[in-house]
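To keep things clear, I will list the structure first and then write my remarks on it.
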Amino acid sequence: MFEGQPKGLFALALANTGERFGYYTMLAVFALFLRANYGLSPALAGTIYSAFLMFVYFFPLFGGMLADKFGFGRMVTTGIIIMFAGYLLLSVPLGGDSLALVVMLAALLLIGFGTGLFKGNLQVMVGDLYNDPKYKDKRDAGFSIFYMAINIGALFAPTAAVKIKEWAELSLGYSSNDAYHFSFAVACASLILSIAIYYVFRSTFIHVEGGKGKAAADGKASAADAPAAEELSKEETKQRIVALCLVYAVVIFFWMAFHQNGLSLTYFADEFTAQSAEGLQAMCFNVWNLVAVIVIVYALFSLFQSKTGKGKAISAVVIAMAVCFLCLQYDADGSVTVSAPIFQQFNPFYVVALTPVSMAIFSSLAAKGREPSAPRKIAYGMIVAAVAYALMAFGSLGLPMPQTEMGADGNPVAVHVADVTPNLLITVYLVLTFGELLLSPMGISFVSKVAPPKYKGMMMGGWFVATAVGNQLVVVGGLLWGTVPLWLCWSVFLGVCLVAAVFMFAMMKRLEKVC
């Protein structure tokens, strides 16, 4: 799985892991914070939440344009500094008045712009590592590994957000609303780690940073050593840009549905899902149990793929230790409290655990000459996302409408009105993750491969603009919440995913022509 990959991949992936950990720690509690701290309605909180997500993924377009001119590495570094300023501002507890709201919005703008400089350009650098002919066939696998690393950061984020908030409340005596800011402060620390990793291992990827003056004095690889950019005719350039725009149009609707995980699906977890779990189900809500499962999955792959007896023995011992750990964690009579943000750990857990499975399946298909093209994988991903919302619609039949009541401070407070088994959301996140693995890493790989060399930064920015539009449409979940029956709310996302899949299949010949 990891063999034959460029060394720079792992350095860039780890740098991204640190940044994503901070981002998802903040995001895990952000929608609930908006409602609790400012007394916002679900619709208004959803509007701010989706607008923030939109800016986070819209600014990479400008970040890509700047990087095409000034270099990818310079923009990545600048982006981290700007993000740090934004998270630092968000970490200050200022209460819930108008001034606090303005400061929060300013912080979100800084985070969005900084992410725009960082995220897309880092991924362009990853793609450029595979311009070397010896890594040409490793591109899709490389982006799967990169995407897995992102989700390692995201896996621990919900637990960190909840635990740090609880610690601020119980140990430091902060109010529930002020305690949220401690969760936001985690992002500042994670960015320090991210920039440290970036510069410690910079020598492994400096040749893809772009810009002037990047040749290393000690004779290491420089931008001039990179393979010459492919020359395309105007017609070829046009065909590639049109194909990319068609893909962008489809992924809009995936992200519209997928990022309900931080909005309407979190509302559902907060208001309709059981707030406690027991036995095996309770074990799912301890992140270290999930890590043990991940260790078992990877050790099993190592056991079957290892070429030496020693390697197989080590893998077997690791599996046995992880299984023993899980057995010791099991308590048939034990019960744990389940908080709404913690459900967001399941998506990154599934990504990390299932990435080697996904890579093994596609590697087997490739060996037989039957691996689907990247556009076809994206279309399948849309169908899988539709299945996830079909499960939500079915599971919500007969449930009452969401309810609110006035709190002691005069602000509306959501009411917990049902105790649906947590297994519904756990399963839905599993299905959504299958769709994500088919769409997101493959889509990024497709962009890095197909984008005309002169417009790589801008085209990767285009991918994020499509994501931004989808994120803005996330607001639909907030607008529907409490105004229509739950099954109808989920059916809207089911429908848009199916329509997008049909469109993708209709355009398949044109898309596969440029692969």
Original post:
Where in the chain lies the longest segment free of GluC sites (Glu not before Pro) that are both loop residues by DSSP (not H, G, I, E, B) and have at most 11 other Cβ atoms within 10 Å?
Top reply: 232-515
**OP:** State in Å² the accessible area per residue of the range 61-102; use a 1.4 Å probe, count heavy atoms of protein chains only, and round to the nearest integer.
**Re:** 47
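Order 238-248, 366-376 from most to least packed using the mean count of other Cβ atoms within 10 Å.
Put in order of decreasing packing, that is 238-248, 366-376.
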Original post:
lysines within cross-link reach of Lys368: Cα-Cα under 20 Å, excluding same-chain residues under 8 positions apart?
Top reply: Lys136, Lys138, Lys377
**OP:** Have a look at Leu101, Phe118, Val484 and report the one farthest towards the positive end of the charge dipole of the chain, computed about the Cα centre with Cβ charges (Lys/Arg +1, Asp/Glu -1).
**Re:** Phe118
Original post:
Considering amide H positions built from the backbone, and no H for Pro or chain starts, which residues 5 or more places from Tyr174, or on another chain, come under 5 Å of its amide H?
Top reply: Glu169
Original post:
Cross-link list Lys234/Lys509; Lys134/Lys509; Lys238/Lys449; Lys119/Lys165: which exceed 24 angstrom alpha carbon to alpha carbon?
Top reply: Lys134/Lys509; Lys119/Lys165
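Might you report the magnitude of the Cβ-based charge dipole of the chain about its Cα centre, with Lys and Arg at +1 and Asp and Glu at -1, to the nearest 20 debye?
2060
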Original post:
So, by mean Cβ neighbours within 10 angstrom, what's the order for 188-195, 95-102, 142-149 with the highest one leading?
Top reply: 142-149, 188-195, 95-102
Original post:
What's the angle, to the nearest 10 degrees (0 to 90), between helix 72-90's Cα axis and the longest principal axis of the chain?
Top reply: 10
Original post:
In terms of modelled amide H atoms, which long-range or inter-chain residues lie less than 5 Å from the amide H of Val413?
Top reply: Glu405, Met406, Gly407
Original post:
Counting only residues 5 or more places away or on other chains, whose amide H sits under 5 Å from the amide H of Thr273 once H atoms are built in the peptide plane?
Top reply: Val420
Original post:
So what's the angle, to the nearest 10 degrees on a 0 to 90 scale, between helix 42-58 and the longest Cα principal axis of the chain?
Top reply: 10
Subject >> Accessible carbon and sulfur surface of the range 330-412 relative to its total accessible area, %, 1.4 Å >> reply: 58
**OP:** Measure nothing fancy, just the Cα-based angle from helix 287-305's long axis to the longest principal axis of the chain, in degrees from 0 to 90, nearest 10.
**Re:** 30
Subject >> Rounded, prolate or oblate (a/c below 1.5 giving rounded, otherwise prolate when a/b exceeds b/c) for the chain by Cα gyration tensor >> reply: rounded
Subject >> the range 17-111 pair-distance distribution - Cα-Cα, 5 Å bins, rounded % >> reply: 3, 12, 21, 25, 18, 11, 7, 4, 1
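The values are calculated or read from the model by the stated rules, or taken from the named source; none is laboratory data. Since the structure is predicted, the reported quantities are computational estimates derived from the model, not experimental observations. Note that we place each Cβ from the backbone using ideal geometry, even for glycine, and neighbour counts take in every protein chain shown. Surface areas here come from the heavy atoms of the whole protein model, side chains and all, with no ligands, DNA or RNA. Shrake-Rupley method; radii C 1.70, N 1.55, O 1.52, S 1.80 Å.
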